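Take a look at the structure below.
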Amino acid sequence: MLSVRFWGVRGSIPSPGADTVYYGGNTTCLEIRADERLLIVDLGTGIRPLGDWLIANDLKEKGCIEADIFVSHTHWDHIMGFPLFIPIFIPETTLRIRGPVSFEEDSLKTIIENQLSYRYWPVRAGELAAKIEYSQLRETILESTHCAASGVCGSPLDLGGGLKVSSKFLNHPIFCLGYRFDYKGKSIVTIFDHEPFQNLFPTDPSAAGYNKEAAREGELAAIEENERVCRFFKDADLLIHDAQYTKEEYLTHRGWGHGSYEHAIDSAVKANVKKLVFFHHDPARTDEQLKKLENDYAGKISAETMMAREGLTITL
């Protein structure tokens with residue numbers, strides 16, 4: 001059995017209040033279960049209630065907490081819940097934390113644990129009782145044409161028991177990974193903090209710096225990368241996709257690293273996805289507004305569509 005439970009669905013910053021009660025105000029965190037195997041995606045503020053639940057259930061029933069954690073990227077809303085994840089203070093906890101390489105000198109471990117310093121927090125990383133391992137990931141998809149040319153791709157990560165995890169770089173202002181979890185013929189894909197790849201070169205012949213060949217190559221590169229993302233989640237049973245903006249809102253937020261509902265829908269159709277969940281809700285979006293958008297987009301495509309909300313559990 002492969003299932004997912006949503007503990008944090010909001011983007012950018014926690015948004016508590018009377019207007020966000022139904023869908024939730026915590027930032028990104030998912031709990032994925034592959035039978036008894038526990039996986040967590042992202043360390044947003046949603047990981048705090050997840051930690052409380054794990055202590056009351058996994059720790060009580062099994063005597064330990066063991067999890068593989070996959071971090072999409074290290075922007076603050078995706079890691080800020082870590083200091084409040086109570087299992088890190090318990091010796092019976094084992095965590096294997098994986099995430100993308102950084103373009104800076106600091107490692108994934110340094111970036112996450114820097115939050116646990118007296119500058120920001122009353123407890124230091126050295127005081128944690130859990131057993132924590134860190135490792136950094138690049139793309140781990142096996143796509144012959146691109147990988148043979150770039151030499152940066154590898155085989156999916158095999159966690160044993162038929163559970164495999166693939167990763168794909170997304171379009172965001174920092175290295176950011178989408179993840180695909182395949183288990184016993186079922187698949188869950190997470191595409192957080194992503195917008196369509198676009199041509200970075202001027203296309204107007206009258207623009208300064210215009211180069212016809214560069215413009216053509218830039219357009220082809222953008223098309224290819226967008227196709228590669230779609231191939232990454234092709235035929236997925238469940239796609240959890242960034243949809244922070246409407247199509248109209250995206251026009252004034254292009255380059256911020258987030259996509260639209262329309263782009264998520266178009267991509268799901270191209271990739272023959274069975275179920276699409278809109279994720280990473282804008283912090284200013286109210287329950288009423290999200291409900292209206294959910295109703296507006298319902299039935300637009302053959303795949304089932306829905307808004308992510310805290311507490312929602314989907315079993316495949």
Notebook entry, point to check: Give me the pairs: first residue in segment 220-240 and in a helix (DSSP H, G or I), second residue not polar (S, T, N, Q), beta-carbon distance under 6 Å, and six or more apart or on different chains, which are they?
Noted result: 222/197; 225/197; 226/196; 226/197; 230/270; 230/271; 232/168
Note to self: For a quick check of your reading: which strands (runs of 3 or more DSSP E) sit entirely within segment 62-143 and have at least 1 residues that are over 19 Å from residue 47 (Cα atoms) and of a type in the set (Gly, Ala, Ser)?
What the structure shows: 131-137
Notebook entry, point to check: In segment 260-296, what residues are of a type in the set (Ser, Thr, Tyr) and buried (at least 20 other Cβ atoms within 10 Å of the Cβ)?
Noted result: 260, 261, 267
Item checked: Of all residues making up segment 241-273, the number that are of a type in the set (Lys, Arg) and assigned to a helix (DSSP H, G or I) -> 2
Note to self: Yes or no: segment 103-126 includes at least one residue that is surrounded by fewer than 14 Cβ atoms within 10 Å (Cβ to Cβ) and touching a residue at least 60 places away in the same chain (Cβ under 8 Å).
What the structure shows: yes
Note to self: Taking the condition of being assigned to a loop (DSSP other than H, G, I, E, B) and either crowded, with 20+ Cβ neighbours inside 10 Å or charged (D, E, K, R) (or both), how many residues in segment 173-197 meet it?
What the structure shows: 6
Checklist line | Residue list for segment 274-316, restricted to those being assigned to a loop (DSSP other than H, G, I, E, B), among the basic types (Lys, Arg) and either over 21 Å from residue 17 (Cα atoms) or in contact with a Gly (Cβ under 7 Å, 6 or more places away or on another chain) (or both) | finding: 274, 300, 309
Check: Are any of the residues in segment 241-253 small (Gly, Ala, Ser), within 27 Å of residue 181 (Cβ to Cβ) and surrounded by fewer than 24 Cβ atoms within 10 Å (Cβ to Cβ)?
Finding: no
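No lab work stands behind these numbers, since they all come straight from the coordinates. What you are looking at is a predicted structure, and each value in this text was computed from that prediction instead of being measured. Heads up, the Cβs are rebuilt from the backbone with ideal geometry, glycines too, and the neighbour counts pull from every protein chain shown.
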